[in-house]
Amino acid sequence: MKDEELKEHVSVITIDVQDPETKQPWGIWNKYIVGQFSSESPLHDIDVDRAKAEIINTVNYKILGAKVTCCLSSSGYDKSILDKLKKSSHGFFIESHIQENHD
């Protein structure tokens, strides 16, 4: 990606799960996307669907939902996030904390 492309908004889609021990919600998966998305619009994303299936099949946490959680000007993000977006040829990158449950 070119630097000029990052002078726009970056949106984040988050999948929240319920921590089995504390019962608190936490974001297990994030997709950072160049572009402006609304939290009010219905969310249809193939990567979200795949991650939800992985969560169910791998860690079996209760999924609380998936939604656009943030949409800021690119200047509002840490440089490391912008660097990952610049390196992406797809205009997004995924940050996943899904790990196998070894109970």
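None of the figures in this text is laboratory data; all of them are computed from the coordinates on show. Every value quoted in this text rests on a predicted model; they were computed, and no experiment measured them. Cβ placement follows ideal geometry from the backbone for every residue including glycine, while neighbour counts extend to all protein chains displayed.
The lysine pair tally for the chain, using Cα distances under 21 Å and a gap of 8 or more places or different chains, is 23. Each of the peptides 8-18, 85-95 was scored by the mean count of other Cβ atoms within 10 Å over its residues; in descending order, highest first, they stand as 8-18, 85-95. Which value, in nm² and rounded to one decimal, describes the direction-averaged projected area of the C-alpha convex hull of the chain? Hull-based average projected area comes out at 7.1 nm². When DSSP beta bridges are restricted to pairs lying wholly in the chain, around 100% turn out antiparallel.
Taking the Cβ of Glu95 as the centre, find all other residues whose Cβ is under 9 Å away and add up their charges (Lys, Arg: +1; Asp, Glu: -1). All intermediate terms of the calculation are to be shown ahead of the outcome.
Details: positive: Lys31, Lys84; negative: none.
The answer is +2.
Of Glu40, Glu54, Glu21, the residue with the greatest mean-square motion in the GNM of the chain, using alpha carbon springs below 10 Å, is Glu21.
When only Cα pairs below 8 angstrom with a gap of at least 6 residues are kept, the chain shows a relative contact order of 41 percent.
How far is helix 46-58 tilted, in degrees, relative to the longest principal axis of the Cα atoms in the chain, given as a value from 0 to 90 rounded to the nearest 10? Around 30 degrees separate the two axes.
Calculate the dipole size of the chain relative to its Cα centre from +1 charges on Lys and Arg beta carbons and -1 charges on Asp and Glu beta carbons; express the result in debye to the nearest 20.
On the way: 12 positive and 17 negative charges, 32 e Å.
Dipole of the chain, to the nearest 20 debye: 160 debye.
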